[in-house]
Amino acid sequence: MKTLVKLDLDKKPWEQDGQIHNRWHPDLPIIAMVKPGDEFRVECMDWTGGQIGNNDSANDVRDVDLTQVHYLSGPIGVEGAEPGDLMVVEILDVGTFEEQQWGFNGIFAKENGGGFLVDQYPEARKSIWDFHGIYTTSRHVPNVRFAGIMHPGLIGCLPSKELLETWNKREGDLIATDPERVPGLALPPNQKSAVMGKMTGDAAAKAASEGARTVPPREHGGNCDIKNLTKGSKVYFPVYVKDGGLSMGDLHFSQGDGEITFCGAIEMAGYLDIKVSLIKDGVKKYGVKNPIFEPSVLTPTYKDYIIFEGISVNEQGKQLYLDVNEAYRQACLNAIEYMKKFGYTGAQALSILGTAPIEGHISGIVDIPNACATLWLPTEIFDFDMKPNADGPKVMVKQGVDTAKTS
């Protein structure tokens with residue numbers, strides 16, 4: 001299989017011969033062309049471009065420069081792709097680099113990104129996860145071992161000029177409602193640290209000032225963080241520019257639904273094997289506004305779960321109306337409190353929810369005023385019995401071990 005993007009992990013993202021970019025813009029030059037039906041390999045850096053180290057300090061998570069992320073490989077063009085087509089992307093394989101058999105999970109500081117539970121966990125933390133074939137363990141989170149489901153957190157096609165303008169306006173309007181909020185409501189274009197692929201000079205500077213940040217998912221795909229998009233899955237992307245411009249990155253070894261720690265998966269560098277094809281005029285034929293996904297037949301075969309419920313009532317007892325976001329937050333907090341009874345710190349429990357293949361469900365959204373969200377925690381990932389019983393919980397986790405902290 002031909003490798004279209006070959007990286008040197010000892011070099012910085014901006015030293016990779018124009019194969020990397022970290023903004024979305026319609027004028028980004030295509031770095032390689034393929035034909036419908038072609039299969040090829042794309043190597044990817046971790047989402048931070050190597051800013052996080054395999055060590056026992058969370059200083060790098062605290063200090064990470066988020067104006068840099070995410071670093072994507074591409075864009076790759078498909079011959080014959082035109083606006084209105086659907087680009088069909090089959091993920092044939094996802095793998096790790098032999099020389100880098102580890103990944104990281106980060107709880108981001110409130111002043112630098114934050115996360116889903118930022119009010120409860122505002123300080124930076126980190127856990128390192130070692131890879132053992134399809135399994136992973138962490139020196140920072142003991143008594144846990146689970147099978148990963150490797151996938152790209154971020155993949156999508158280039159936006160058109162009109163779509164880019166729509167993104168920037170609507171996100172700018174949101175920011176304007178509370179411009180001093182920490183964390184911010186959205187991330188506007190920022191020239192700082194922009195890497196614009198093969199663009200240079202004034203053209204690169206102009207595109208950097210307009211280019212959309214890669215943090216959220218949007219109509220073109222982007223940072224969807226769907227854990228089931230492992231090898232054997234398929235995605236149908238709307239095409240907005242000539243040749244499509246497919247880019248990808250932010251590879252994960254494993255992730256729980258919601259990626260709740262912000263850097264919520266086990267982040268890694270690695271490769272994707274891809275096959276592409278086209279459905280001409282597919283956007284109109286199928287009424288597509290956002291990508292359509294087909295999951296893989298491959299998934300960790302956990303069958304035994306403890307299910308935690310959350311409803312639309314916050315920690316202060318305030319009743320909200322069918323608020324699914326709050327309901328899932330409460331389900332997560334309930335699961336964390338439960339795991340703490342077995343000796344885990346809150347940060348360790350949060351790291352488990354971010355990295356292990358937990359299932360998140362909207363279980364009810366019609367029974368006013370409470371939405372019901374559930375978090376499914378697989379009990380088989382623990383090396384002790386996690387289920388409730390008449391004798392009560394026993395502290396099983398070695399005391400004194402914790403996620404890496406800042407200094």
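Just so you know, all these numbers are worked out from the coordinates, no wet-lab data involved. Keep in mind it's a predicted model, so treat the numbers as computed, not measured. All Cβ positions, glycine included, derive from the backbone under ideal geometry; neighbour counts span all protein chains shown.
For Lys110, a cut-off of 18 angstrom between C-alpha atoms picks up these lysines, skipping any fewer than 8 places away in its own chain: Lys126, Lys405. For segment 60-76, the Karplus equation 6.51 cos²θ - 1.76 cosθ + 1.60, evaluated at θ = phi - 60°, returns couplings of 5, 5, 4, 9, 4, 8, 7, 6, 7, 8, 9, 8, 10, 8, x, x, 10 Hz by residue, with Gly and Pro reported as x.
Sorting 35-44, 176-185 by their mean Cβ neighbour count within 10 Å, with the most densely packed peptide first, gives 35-44, 176-185.
What FRET efficiency comes out for Lys242 versus Thr137 if R0 is 60 angstrom and r is the Cβ-Cβ distance? Round to the nearest 0.05. The calculated FRET efficiency here is 0.80.
For helix 161-176, what angle does its Cα long axis make with the longest principal axis of the chain, in degrees from 0 to 90 and rounded to 10? Approximately 40 degrees, to the nearest ten.
Stretching Glu39 away from Asn112 to a fully extended chain increases their span by 22.4 nm, per 0.36 nm per residue minus the current alpha-carbon distance.
Sequentially through segment 197-202, phi angles give Karplus couplings (6.51, -1.76, 1.60; θ = phi - 60°) of x, 8, 6, 9, x, 5 Hz, Gly and Pro residues having no value and appearing as x. Convex hull of alpha carbon positions in segment 1-62: directionally averaged projected area 6.1 nm².
With kT/(6 pi eta Rh) evaluated at 25 °C and eta = 0.890 mPa s, and Rh the Kirkwood radius from Cα pairs, the chain diffuses with a coefficient of 112 µm²/s according to Stokes-Einstein.
Separation of segment 141-185 from segment 386-406 is 33 Å, based on Cα centroids. Remark: C-alpha extents of segment 305-381 on the principal axes read 35, 23, 16 Å, sorted largest to smallest.
With respect to the chain, whose longest principal axis is taken over its alpha-carbon atoms, helix 324-340 is tilted by about 50°. Highest mean first, the peptides 316-326, 383-393, 201-211, 258-268 sorted by other C-beta atoms within 10 Å per residue fall in the order 258-268, 201-211, 316-326, 383-393. Among rounded, prolate and oblate, which fits segment 269-344 when a ≥ b ≥ c are the square roots of the eigenvalues of its C-alpha gyration tensor, a/c under 1.5 means rounded, and a/b larger than b/c means prolate? Verdict is oblate for segment 269-344. With 0.36 nm allotted per residue and the present C-alpha distance subtracted, the Asn190-Lys6 stretch has 63.5 nm of extension available. One quarter of the surface of the convex hull around the alpha-carbon atoms of segment 277-407 equals 13.6 nm², the direction-averaged projected area. Residue-wise HN-Hα couplings along segment 375-391, as the Karplus relation 6.51 cos²θ - 1.76 cosθ + 1.60 with θ = phi - 60° gives them from phi, are 10, 9, 9, x, 6, 6, 7, 9, 8, 8, 6, 9, 7, x, 8, 5, 7 Hz; Gly and Pro carry x. Amide H contacts of Asn228: none lie under 5 Å away among residues 5 or more positions distant or on a separate chain (H built 1.01 Å from N in the peptide plane; Pro and chain starts excluded).
With the Kirkwood sum run over all distinct C-alpha pairs, segment 352-396 has a hydrodynamic radius of 13.0 Å.
Computed on the Cα trace of segment 1-139, the radius of gyration divided by the Kirkwood hydrodynamic radius gives Rg/Rh = 1.01.
Once the Cα atoms of helix 346-355 and of the chain are each reduced to a long axis, what angle between those two axes, in degrees from 0 to 90 to the nearest 10, is obtained? Orientation of helix 346-355: about 40 degrees from the principal axis. With a cut-off of 19 Å on the backbone N, the residues of segment 7-51 near the modelled label site 7 Å out from Glu90 along Cα-Cβ are 34-42.
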